[in-house]
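Take a look at the structure set out below.
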């Protein structure tokens with residue numbers, strides 16, 4: 001049972017998530033030969049102020065700080 005966990009800053013639209021689920025599922029089927037019926041895709045979304053990179057939070061980066 002493949003489980004794909006995508007950790008990201010919140011903000012993806014529902015249609016974008018649907019497309020990602022479809023593409024991830026297809027890739028796992030094509031590359032690993034796994035059954036799409038048992039492939040799980042989980043989104044873990046975090047507020048921009050709870051994610052940091054380059055020494056700043058994503059919220060600060062988006063705000064131009």
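Out of (1) surrounded by 12 or more Cβ atoms within 10 Å (Cβ to Cβ); (2) without any contact (Cβ under 8 Å) to a residue 12 or more places away in the chain, the odd one out for residue 9 is which?
(2)
Condition first: surrounded by 14 or more Cβ atoms within 10 Å (Cβ to Cβ) and not in a strand (DSSP E or B). Now tell me which residues in the stretch 40-60 satisfy that.
Once the filter is applied, which keeps residues that are surrounded by 14 or more Cβ atoms within 10 Å (Cβ to Cβ) and not in a strand (DSSP E or B), the stretch 40-60 yields 48, 51, 58, 59, 60.
Before we move on, is residue 49 free of Cβ contacts under 8 Å to residues at least 12 places away in the same chain and touching a strand residue (DSSP E or B) at 6+ places or on another chain (Cβ under 7 Å)?
Yes: the conditions hold for residue 49.
I need every pair where a residue in the stretch 53-65 that is touching a residue at least 12 places away in the same chain (Cβ under 8 Å) has its Cβ under 8 Å from the Cβ of a residue that is surrounded by 14 or more Cβ atoms within 10 Å (Cβ to Cβ) and part of a helix (DSSP H, G or I), sequence separation at least 6 or different chains.
Every condition considered, the pairs that remain are 58/48; 59/48; 62/48.
Look through the stretch 12-26, keep the residues that are touching a helix residue (DSSP H, G or I) at 6+ places or on another chain (Cβ under 9 Å) and without any contact (Cβ under 8 Å) to a residue 24 or more places away in the chain, and return whichever of them is farthest from residue 63 (Cα to Cα).
26
Would you check which residues across the stretch 27-39 are surrounded by 13 or more Cβ atoms within 10 Å (Cβ to Cβ) and either in contact with a helix residue (DSSP H, G or I) (Cβ under 8 Å, 6 or more places away or on another chain) or part of a strand (DSSP E or B) (or both) and list them?
Within the stretch 27-39, 28, 29, 34, 39 meet the criteria.
Bear in mind that the values in this text are calculations on the coordinates, not laboratory data. Quick caveat, the model's predicted, so the values are computed rather than measured. Please note: Cβ atoms are built from the backbone with ideal geometry, for glycine as well, and neighbour counts cover all protein chains shown.
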